[in-house]
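To keep things clear, I will list the structure first and then write my remarks on it.
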Amino acid sequence: MSSKEISISGTDYTITLTDQLVNQVNNLKALYSAAYEDPESFEQVSSEISNAINEIASQAEPPVSDDDLDGFIQEIIRVVDKKAEEIKEELEGKSSVKPKKESKTAKPQKSKK
């Protein structure tokens, strides 16, 4: 877990990037996608979107003002996406570098006399 400071309209908000927060942000992105892909479903998912936004914003200190809410959510999505990309690169870097195997030297065979 790490804390992140987000500045919106001159106000600095601090939020801790927990697994729960990352899951909430990813859920919000999925809801946005669902509403975008099927505009008729927007009414159905709009309350879920609102709930997800409020849950995410409630984890910030100080409380996010209504005026800053849109910018805050956009920024926290960027932060979570960037963090996911960093983790992906780290994992790919580790998997592409294979550990060196120690070369085994052949033991000289004893000659039988």
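Data overview
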item	result
Residue that is farthest from L31 (Cα to Cα), among those in the range 58-98 that are of a type in the set (V, I, T) and in contact (Cβ under 8 Å) with a residue 12 or more places away in the chain	V64
Test: E90 is open to solvent by 90 Å² or more (accessible area, probe 1.4 Å) and part of a helix (DSSP H, G or I)	yes
Failed item in (1) in contact with a strand residue (DSSP E or B) (Cβ under 6 Å, 6 or more places away or on another chain); (2) closer than 14 Å to I77 by Cα, with D12 passing the rest	(2)
Check on T18, β-branched (V, I, T), modelled with pLDDT of 90 or more and surrounded by fewer than 15 Cβ atoms within 10 Å (Cβ to Cβ)	yes
Residue tally, condition within 14 Å of I6 (Cβ to Cβ) and assigned to a loop (DSSP other than H, G, I, E, B), over the range 37-67	6
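The values are calculated or read from the model by the stated rules, or taken from the named source; none is laboratory data. Bear in mind the structure is a predicted one, so any value in this text is a computation, not a measurement. Glycine gets a Cβ as well: all are built from the backbone with ideal geometry, and neighbour counts include every protein chain shown. All accessible areas refer to the heavy atoms of the entire protein, side chains included, with ligands and DNA or RNA removed. Shrake-Rupley method; radii C 1.70, N 1.55, O 1.52, S 1.80 Å.
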